[in-house]
Amino acid sequence: MASNTINIIVKIWRQNGAQAKGQFEDHALKDISTDSSFLEMLDVLNEWLARKGNEPIAFDHDCREGICGMCGAVVDGIAHGPEKETTLCQLHMRSFNDGDTIIIEPFRTKGFPIIKDLVVDRSALDRLIQAGGFVSVNSGSPQDANNILIPQNVAEQAMDAAACIGCGACAAACPNATPMLFLGAKVSQLALLPQGQAEAKARAINMVKALDCEGFGNCGNERECENVCPKGISIRNIARLNREYLKAQFSYDE
Ligand code: FES
C-alpha cells in the first residue's frame, strides 16, 4: 500500500424510502487516496457496487465545491463529518486513518424524511424561504450603491448571515430538530440591510409561522447547530431572529 492511500471500512445506511426499514451495510475499501474527497470515496464504492451488479448508494451532491448546500450526511455522529466549517463534499480522506471504520448515516430529523439511503427530503427549508425569505417590493430601477449607505460592520454581518447554504445540518444536529440557525441567517441577511426593512415584520412573523407549521421545534441554546454549520453561521443570528419576531409581534397588522 502506498503511503498516500488508506484501507477503510464504511458502515453505511441503506434505506429504500421513508417508510422502509433501514439497516447498516459494511464495505471494505482498499487503497483509497487520501487526496480524494469524501464524495469521491463514495463514487469509488458505488463503481464497485455497480460492477458487482448491486445498487449504488444514493447520496445528494451538486457543486462539490461547498457552495450549493446539496450534500450532507452524518459521519461518525457529526453532520458533515469531523472537520470544522467543512461541507461533506469538501471533506477529504486525509481526515481519516488507515484501518478506520467510518459510520455514514443520513441527516436524521423528523422534518427531513428519508427518500433513499443518504438522500433526505429538505423541501421544508424551501417552504420556509417561500414564507418570507425574499424581498419583493417593486422599488424601480437600481440606485447607485452610494445612495444607500451601509456601515461596513453591518454589511459584514449581513454577508456572514448570507453565507448560509441551506444544507440543513443545523436541524440534523439540533436536539430539538429545528433549523433555527438557517431561519436566523435568512431573516438576518435581510433584516440588517435597508432593502429588507419594508417587509421585515411580515417576514419574521410568516417565517416563524411556517417553522411551526412544519413541526420543527424551538431553539434551546444548545449550540450544536453552530458547531456543525459548514459556513460558521453564528447563533447570534437566532437571537436577531427572536428580536425581529418580538418587534414584529408588537406592531404587525396582517
Ligand atoms: S455538493 Fe454543493 S455544497 Fe457540497
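Residues Ala124, Ala158, Ala145: which one is touching a Leu at 6+ places or on another chain (Cβ under 7 Å) and not polar (S, T, N, Q)?
From the options Ala124, Ala158, Ala145, the qualifying one is Ala158.
Given the structure, is Asp76 assigned by TED's automatic domain parsing to the domain that holds Val208 and within 19 Å of the chain's Cα centre (by Cα)?
No.
Cβ contacts < 6 Å: first residue touching a residue at least 40 places away in the same chain (Cβ under 8 Å), restricted to the stretch 172-183; second residue part of a loop (DSSP other than H, G, I, E, B) and charged (D, E, K, R), any location; separation 6+ or different chain. Result?
These pairs meet every condition: Pro175/Glu222; Ala177/Lys110.
Taking the stretch 61-110, which residues are within 9 Å of the ligand (Cβ to nearest atom) and surrounded by fewer than 21 Cβ atoms within 10 Å (Cβ to Cβ)?
His61, Asp62, Cys63, Arg64, Glu65, Gly66, Ile67, Cys68, Met70, Gln90
Hey, can you tell me all the residues within the stretch 68-115 that are β-branched (Val, Ile, Thr) and not in a strand (DSSP E or B)?
Once the filter is applied, which keeps residues that are β-branched (Val, Ile, Thr) and not in a strand (DSSP E or B), the stretch 68-115 yields Thr86, Thr87, Thr109.
Consider only pairs whose beta carbons are under 6 Å apart and that are at least six residues apart or on different chains; among these, list those whose first residue lies in the stretch 38-50 and is assigned by TED's automatic domain parsing to the domain that holds Cys71 and within 15 Å of the ligand (Cβ to nearest atom) and whose second residue is open to solvent by 10 Å² or more (accessible area, probe 1.4 Å) and in a helix (DSSP H, G or I).
none
Restricting the search to the stretch 113-162, which residues are open to solvent by less than 80 Å² (accessible area, probe 1.4 Å), polar (S, T, N, Q) and at pLDDT 95 or above?
Ser123, Gln157
Taking the stated definitions as given, is Ala18 under 27 Å from the mean Cα position of the chain (by Cα) and either among the aliphatic types (A, V, I, L, M) or assigned to a helix (DSSP H, G or I) (or both)?
Against the criterion (under 27 Å from the mean Cα position of the chain (by Cα) and either among the aliphatic types (A, V, I, L, M) or assigned to a helix (DSSP H, G or I) (or both)), Ala18 qualifies.
Name the single residue, out of those in the stretch 189-231 being open to solvent by 60 Å² or more (accessible area, probe 1.4 Å) and in a loop (DSSP other than H, G, I, E, B), that is nearest to Ala155 (Cα to Cα).
Selected residue: Gln197.
The values are calculated or read from the model by the stated rules, or taken from the named source; none is laboratory data. Note that the structure is a prediction, hence the values are computed from the model and not measured. When we count neighbours, we look across all protein chains shown, and the Cβ atoms used for this are built from the backbone with ideal geometry, even at glycine. Side chains included, ligands, DNA and RNA excluded: accessible areas come from the protein's heavy atoms. Shrake-Rupley method; radii C 1.70, N 1.55, O 1.52, S 1.80 Å.
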